[in-house]
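Some notes on the structure that comes next.
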Amino acid sequence: MESGDPKSRISVAHVALLLPWITAVVAARLSIRDNSFLWHVTAGKLQIADGSVLTTDPFSFTHEGEAWRTQSWLLELGYGLFDDRVGLAFVTPFLAVIATLLFVFVLLSTYRQTKSLPATVIVGVLTAWLSAAFLSPRPVLVSFLLLAIVVAAATDQRLRWVLPLIAFLWASVHGSFILGIGYVVLVGLCRKDRHRLNDAAVMSATSTFTAHGWGVWQVLIEFGRNRDSLDLITEWATPDLTKVALIPFLVGTILLIIAGIRGHLVMRHLWIVVPFLVFAATATRAVFPAWIALAPFAGRAMASLGVSTSRSGRRETRVLTAIAAVLVIFPLVLPVDGGSELSEDFPAHASEVLTAERVFHDDYAGGYLIYRYGTDRPVFIDDRAELYGADHLRSMIQARNGFPGWQELFDEWAIEQALIRPDNGIAVVLKDEGWVTDYEDEEYLVLSKPA
């Protein structure tokens, strides 16, 4: 299809740019499975009620009152406010809009680097594919968007002014704000531009003007100290790039290697490419943010495969701008019903029969219990690894598997009920010990300690 002006022709490649948006809409309409997102909602409500940010743990009976800062306080306020007004119906448009903006900035950054519509389309397809495993309504989604904005702004003299603002918002939303600062530093080294290094310094300073002040750096320090606990969480495990969900990153890495061999990436580019490749290798969770930084270079690598560049940068820019506008507008008219229901994986029915004050459960159930009961039912654990530490997480996993030592753990915390999966090893052990079945279905089992 084309307009009266043949120079304004819209090709299949232009239409293909819509693929990431389709991914965003589909992800937004799936049921909510993220237990981490749920406790963030409750944290927002609690902070609204208290009129202050959280600096100690209010949710568990194992670490109640211990020092802990919620790094996502600003976004949590929004979660709590919208949940009070419309319930979880806000999740669908929220996820669709944020994911769409994320794709727009990745595509625009790639096109600016390549001036090639085909290369931009290929990167867009790879981005959509890779993002499918990472799109959830938790705060890290917003950090992806902010990183994409930093990537676009750090290489554009006209947009440098937004970097301090982004740093302030990011430090109020997620602890990964250090990635944005690091990216700007690497751009400065890549371009031998001291102005970018100054920008990074200003970003570091503005990040301390959030509600936690210098505490935002303390969050990062505590995160580093508890690295051992992250090794026990699946998303922090070393990534397997041969898995279907991560194949796009493997493809991008191969493209970068080919481009380096053929000389399409110069030595100065390695200041950015190498650190983010190394970062991606540290954890599965790091793969997608690393891709956001590397996507423009992956697009550039297409030149080594003979992908053509645009003959009319002005014309392509107009088309890309129009598509970007469409991508932003469409999510705004999404219906808020549907796609915002909680997954059946959560213990909705099983939790209704809980009567004891001290209940054993895993981190997945913990996030749901915090959302449903708030501070009225303190939890044994949830996924805040930086709070609980490796020892507590390891004890939970061993007890859940029914390994020796579960009895000591139950006695230490005066556990009177257990909310577990029927196939957990502890289920057989507790039944053998005479624990009484209060509830059982295909997903969950509630057992009570015998009198």
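Here is a list of conditions, (1) part of a loop (DSSP other than H, G, I, E, B); (2) open to solvent by less than 30 Å² (accessible area, probe 1.4 Å); (3) touching a residue at least 60 places away in the same chain (Cβ under 8 Å), and ILE415 meets all of them except one; can you say which number that is?
Just one mismatch for ILE415, condition (3).
Listed here are the residues, each with its yes/no results for (1) modelled with pLDDT under 90; (2) out of contact with any Pro (no Cβ under 7 Å at 6 or more places or on another chain); (3) part of a helix (DSSP H, G or I).
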position	(1), (2), (3)
THR23	yes, yes, yes
SER36	no, yes, yes
HIS63	no, yes, no
SER109	no, no, yes
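Looking at ASP363, ASP382, ASP391, which one is out of contact with any Lys or Arg (no Cβ under 7 Å at 6 or more places or on another chain), open to solvent by less than 20 Å² (accessible area, probe 1.4 Å) and under 29 Å from GLN218 (Cβ atoms)?
Values: ASP363 fails: open to solvent by less than 20 Å² (accessible area, probe 1.4 Å); ASP391 fails: open to solvent by less than 20 Å² (accessible area, probe 1.4 Å).
Only one candidate qualifies: ASP382.
Filter segment 118-133 down to residues that are of a type outside the set (Gly, Ala, Ser) and open to solvent by 10 Å² or more (accessible area, probe 1.4 Å) and give me whichever is farthest from PHE249 (Cα to Cα).
Step one: filter segment 118-133 for residues of a type outside the set (Gly, Ala, Ser), giving 118, 120-123, 125-127, 129-130.
Filter again for open to solvent by 10 Å² or more (accessible area, probe 1.4 Å), leaving 118, 121-122, 125-126, 129.
On the way: PRO118: 18, VAL121: 15, ILE122: 12, VAL125: 12, LEU126: 8, TRP129: 10 Å.
Top of the filtered list is PRO118.
Looking only at residues in segment 263-281 that are surrounded by fewer than 16 Cβ atoms within 10 Å (Cβ to Cβ) and touching a residue at least 12 places away in the same chain (Cβ under 8 Å), which one is farthest from the chain's Cα centre (by Cα)?
Looking at residues that are surrounded by fewer than 16 Cβ atoms within 10 Å (Cβ to Cβ) and touching a residue at least 12 places away in the same chain (Cβ under 8 Å), I get ARG268.
Take the residues of segment 20-48 that are surrounded by 18 or more Cβ atoms within 10 Å (Cβ to Cβ) and among the hydroxyl-bearing types (Ser, Thr, Tyr): which is farthest from VAL123 (Cα to Cα)?
THR42
Might you let me know whether segment 145-160 holds any residue that is at negative phi, without any contact (Cβ under 8 Å) to a residue 60 or more places away in the chain and of a type in the set (Ser, Thr, Tyr)? Let's see the steps before the verdict.
Taking segment 145-160 first, the residues at negative phi are 145-160.
Remaining after also requiring without any contact (Cβ under 8 Å) to a residue 60 or more places away in the chain: 145-146, 149-150, 152-160.
Remaining after also requiring of a type in the set (Ser, Thr, Tyr): 155.
Within segment 145-160, one or more residues are at negative phi, without any contact (Cβ under 8 Å) to a residue 60 or more places away in the chain and of a type in the set (Ser, Thr, Tyr).
Just to be sure I understand, how many residues within segment 430-443 are assigned to a helix (DSSP H, G or I) and buried (at least 18 other Cβ atoms within 10 Å of the Cβ)? Show your work before the answer.
Taking segment 430-443 as the starting set, the residues that turn out to be assigned to a helix (DSSP H, G or I) are 430-432.
Adding the requirement that they be buried (at least 18 other Cβ atoms within 10 Å of the Cβ) leaves 430.
So the answer is 1.
Search segment 399-408 for residues being open to solvent by less than 80 Å² (accessible area, probe 1.4 Å) and part of a helix (DSSP H, G or I), and hand back the single one that is farthest from GLY224 (Cα to Cα). Steps first, answer last, please.
The initial filter retains those residues of segment 399-408 that are open to solvent by less than 80 Å² (accessible area, probe 1.4 Å), namely 399-402, 405-407.
Checking which are part of a helix (DSSP H, G or I) leaves us with 399-400, 406-407.
Values: ALA399: 26, ARG400: 26, TRP406: 28, GLN407: 31 Å.
Per the criteria, the residue is GLN407.
Need pairs with beta-carbon distance below 7 Å; first residue farther than 16 Å from THR100 by Cβ and modelled with pLDDT under 95 and within segment 124-138, second open to solvent by 20 Å² or more (accessible area, probe 1.4 Å) and in a helix (DSSP H, G or I); sequence gap 6+ or separate chains.
Final answer for the pair search is LEU126/VAL251; ALA133/ALA245.
Show the residue pairs meeting these rules: Cβ distance below 6 Å; 6+ apart or different chains; first residue within segment 38-56 and closer than 26 Å to PRO347 by Cα; second residue open to solvent by less than 60 Å² (accessible area, probe 1.4 Å) and of a type in the set (Asp, Glu).
Qualifying pairs under 6 Å: TRP39/ASP382; HIS40/GLU76; VAL41/ASP83; ALA43/GLU76; GLY44/GLU76.
Pairs only if they're at least six apart or on different chains, beta carbon under 9 angstrom, first in segment 74-92 and among the polar types (S, T, N, Q), second open to solvent by 20 Å² or more (accessible area, probe 1.4 Å) and not in a helix (DSSP H, G or I); list them, first residue then second.
THR92/ARG29; THR92/LEU334; THR92/PRO335; THR92/VAL336; THR92/ASP337; THR92/GLY338
I'd like the full set of residues that are of a type in the set (D, E, K, R) and within 19 Å of THR42 (Cα to Cα), limited to segment 346-378. Let's see the steps before the verdict.
Going residue by residue through segment 346-378, those that are of a type in the set (D, E, K, R) are 352, 357-358, 362-363, 372, 376-377.
Result: GLU352, ASP362, ASP363, ARG372, ASP376, ARG377.
The values are calculated or read from the model by the stated rules, or taken from the named source; none is laboratory data. Computed from a prediction, not measured in an experiment: that's the story for all the values here. Heads up, the Cβs are rebuilt from the backbone with ideal geometry, glycines too, and the neighbour counts pull from every protein chain shown. Surface areas here come from the heavy atoms of the whole protein model, side chains and all, with no ligands, DNA or RNA. Shrake-Rupley method; radii C 1.70, N 1.55, O 1.52, S 1.80 Å.
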